[in-house]
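We did not get these values from a lab; they are worked out from the coordinates using the rules stated. Please read all numbers here as calculations on a predicted model, not as lab measurements. Every residue, glycine among them, receives a Cβ derived from its backbone with ideal geometry; neighbour counts consider all protein chains shown.
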There are 2 protein chains.
Amino acid sequence: MDELDSAIVRLLQTDARQSNRELARQLGIAPSTCLERVRALTRRGVIRGYHADIDPAALNRGVQALVSVQVRPLSRVVIDGFKTFASGLPEVLHVFVLSGGDDFLLHVAVQDLDHLHAFLTDRLSKRGEITGFRTSLIFQQVSDTAPVRLPAPD
Amino acid sequence: MDELDSAIVRLLQTDARQSNRELARQLGIAPSTCLERVRALTRRGVIRGYHADIDPAALNRGVQALVSVQVRPLSRVVIDGFKTFASGLPEVLHVFVLSGGDDFLLHVAVQDLDHLHAFLTDRLSKRGEITGFRTSLIFQQVSDTAPVRLPAPD
DNA sequence: GTTGAAAATAACTCAGA
DNA sequence: TCTGAGTTATTTTCAAC
């Protein structure tokens, strides 16, 4: 990961569909060099994939919420089981496995408030390992689509 | 948004860099038709962009955390001010503006635990509007990179 | 809307620096 | 590791359906 790799990563985070030529032009290098760099980054696992960013409204997901969940007992079996269950639900965008006060955070996106209520009561409440959960509606969301590389730890 | 649009969106969520030809082949339509559909989806704002998915470790962001934050007073000025402040910090990946128990959730990614501590004490604690925050470390994360379109609300 | 074929661009390969 | 020219493939346009 030299400066050139960082610059490539930054540009592809911002716009993953720009051509290799355009990428090379912005970096001041030959297209073949740029292509080889991108391939090396992919081979090394630095670039994990490319995804289109879709407006949630177009997917009929006008309501988003964050649900923090506590489960007991905090065993590997229970944690892995709930993680697998939650990540398989169509309403769930992200599952975070946490330490601290909460054990899980679920980022969910549904059609409307009725469906959010149904999700909480029909899906979550039926799981015996859940000892409590708390729901916060998302009003706004700001995302950094191109997080930069930070200085290496000393 | 007919079935064809949904299929295009799903394929581009999974792999945004596949060629238009390949996309058209999978859908059983002509490349020019596919191109026109993609352009229409972009024009309508359904497709908002394309982003490379980068391994956080390559960006020296080995430690991720979720920080729930309460601010007071809950006025528009304070909310907008904190949102702008938080989204401008290099450590912050996402800012969620919430209702309910918490006012904000920050998804942060930093080099190590020392930097997380520094972020909490040097950045957050200095803001007068913050009346409390709570930090959870992220151990694992599962993401649905291709959320499907849900049935429209009745 | 959709299509197929032509023209314009880009991707990819590879030998040499 | 980088480059540039040659080959292969794709994108893009557009007239017709």
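Quick notes on this structure:
- Order of A:121, B:42 - criterion: other Cβ atoms within 10 Å of each residue's Cβ, fewest first: A:121, B:42
- Distances in nm from residue A:101 to the matching label points in the other copies, shortest first (labels 7 Å along Cα to Cβ): 0.6
- Here the simple spin-label model places points 7 Å from the Cα toward Cβ, and for residue A:55 and residue B:146 these points are separated by 2.3 nm.
- Fully extending the segment from residue B:127 to residue B:89, taken as 0.36 nm per residue of separation minus the present Cα-Cα distance, adds 12.4 nm.
- Rounded FRET efficiency, nearest 0.05, which uses the C-beta distance separating residue B:36 from residue A:76 and R0 of 45 Å: 0.35
- Table column - 3J(HN,Hα) (Hz), the range A:19-27, Karplus curve with 6.51, -1.76, 1.60, x for Gly and Pro: 5, 4, 4, 4, 4, 4, 4, 5, 8
- Rounded to 0.05, the FRET efficiency of the residue A:25 and residue B:134 pair, given R0 = 41 Å and the Cβ-Cβ distance, is 0.30.
- Considering only Cα atoms, the convex hull volume of chain A works out to 161 Å³ per residue.
- With the label put 7 angstrom out from Cα along the Cα-to-Cβ vector, residue A:57 ends up 4.0 nm from the copy partners, going from closest to farthest.
- For residue A:10, the distances from its label point to the matching points in the remaining copies are 3.8 nm, ordered from shortest, with each point set 7 Å beyond Cα toward Cβ.
- Distance from the range B:101-154 to the range A:20-95 (C-alpha centre basis), Å: 16 Å
- The protein assembly as shown - Kirkwood radius from inverse mean 1/r over Cα pairs (Å): 21.0 Å
- Relative contact order (%) - chain B, alpha-carbon pairs under 8 angstrom, separation at least six: 27 percent
- The length gained by stretching the chain between residue A:6 and residue A:43 to full extension, at 0.36 nm per residue less their Cα-Cα distance, is 11.8 nm.
- Rounded to 10°, Cα long-axis angle of helix A:3-14 versus longest principal axis of chain A: 50 degrees
- Think of chain A as having a plus end and a minus end, set by charges on the Cβ of Lys, Arg, Asp and Glu; of A:79, A:62, A:31, A:31 sits farthest toward the positive end of this dipole.
- Once the Cα atoms are used to define both axes, helix B:76-87 deviates from the longest principal axis of chain B by about 70 degrees.
- Kirkwood Rh (inverse of mean 1/r, distinct Cα pairs), the range A:75-154, angstrom: 14.8 Å
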